[in-house]
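Trainee: Here it is: the structure, laid out below.
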Amino acid sequence: MSHLSIGIVGGGIVGSTAAYYLARQGYKVTLFDEETGQATKAAAGIICPWFTLRRNKPWYFLVSNGAEFYHQLIQDLKEDGHETNGLYQAIGTLLPRKNQPSLERDAQRAQERLEQSPAIVGVETLTTQQVNERFPLLNSPYPASFVKGGARVDGEALIATLKEAFQQLGGTYINQRVHLKRHEETVSVHTDESSYTFDRLLLASGAWLPNLLEPLGFEVAIRPQKGQLYSAFNEEWVGNNWPVVMAPGKFDIIPNENGEIVIGATHEDDRDYSLDVEMERINDLVNFAEEWIPGFSEYPIHRIKVGIRAYTPDSGVLVGEVPTLSNVWAVSGLGSSGLTSGPFIGHQWSQLIHTGQWQITKEDFPIETYISPKAD
């Protein structure tokens, strides 16, 4: 067992994964999480990053490796005796396309990326009729690319399993709000009752990172984005094996084998940290769902979830050691791709602590772009 003490602030997908793997390696790990507005719990839950039009190579490095890493994560949890059914399922992803060139582009991109990203498995071009046969409730007006390795993830259940696994391995979980105090190049972590010091500290608090670092004299370029989703339930949908759908536009359709179909999520940039349910936006989701699944609006709302994503001004990812601090790292700015890249980043940080090396290239993720000491 290592004698290093590890502190992690933020129990979302990054923090919980890092805590699990470090506890697995025998480290003394303390995870702090207030569990308010966590983006992971309200994430739509689709893992299919390979066909994005986004050209940011460092970002794509994280999401493509994140998609691959899920197989190891689920296998490790299974080996440790945890129930993994329903956490991650590679049931395929439908990408409805409005024109033939888009379908051809998907096929070409899959061919180019398959060697480096075997989780893609392959891509099949489906006619409109075949699309609706794969997902019988669907009434798509378009043909689609069917990504065989596309997957759905239950973010909330995955977080719960990681926290359970981490604690069974001897980790300490503290469900309280914290603040930091600076001591020259190091910081201590404080709750209302206690204070803690650690040999290594990870700040994985998502959109709340400014709340931690700004009182210590830092400027933090992170903004919150509100996301809302809702679901309907029907017993007749239980046990389905329908693929997830990344429809044209911002919303997705995620059928779960428990009989629940999730629609979402919204993107509100002007709500600050509000977690209030906004029925006007939920109705936007209902109307979208009705377009793709006729009659869906007649089902009562089963669940509504609200979370807060973290974004940097240029939508880049913030990851690295906090400038002017020693042994304090931060991760934020994952946006709507956090569920895809988060486990990989959390595991990479655990490898950095354990072996001194990780696959994160500092030059690709200049943290000082987003975190800097305030000018006097």
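Trainee: If you roll a 1.4 angstrom probe over the protein chains with everything in place, what fraction of the accessible area of the chain belongs to carbon and sulfur, to the nearest %?
Mentor: Summing carbon and sulfur atoms, their accessible area is 45 percent of the total for the chain.
Trainee: Continuing with the same structure: Straight-line reach only, C-alpha to C-alpha below 16 angstrom: list the aspartates and glutamates that Lys28 could link to, leaving out same-chain residues fewer than 8 apart.
Mentor: By straight Cα distance, Lys28 reaches Glu164, Asp199.
Trainee: Right, next: With every protein chain present, what is the per residue accessible area of the range 273-365 (1.4 Å probe, Å²)?
Mentor: In whole numbers, the range 273-365 has 43 Å² accessible per residue.
Trainee: Here's a follow-up. Restricting to bridges with both residues inside the chain, how much of the DSSP beta-bridge set is antiparallel, in percent to the nearest 5?
Mentor: The antiparallel fraction comes to roughly 75 percent.
Trainee: Within the set Lys181/Lys374; Lys226/Lys250; Lys98/Lys305; Lys78/Lys250, which residue pairs have Cα atoms separated by over 23 Å?
Mentor: Check vs 23 Å cut-off fails for Lys98/Lys305; Lys78/Lys250.
Trainee: How much accessible area per residue does the range 129-263 have, counting only protein heavy atoms and a probe of 1.4 Å, in square angstrom?
Mentor: Using a 1.4 Å probe on heavy atoms only, each residue of the range 129-263 averages 43 Å².
The values are calculated or read from the model by the stated rules, or taken from the named source; none is laboratory data. All figures in this text were calculated on a predicted structure; none of them were measured in a lab. For the accessible areas, the whole protein counts, side chains as well, though only heavy atoms, and no ligand, DNA or RNA atoms are used. Shrake-Rupley method; radii C 1.70, N 1.55, O 1.52, S 1.80 Å.
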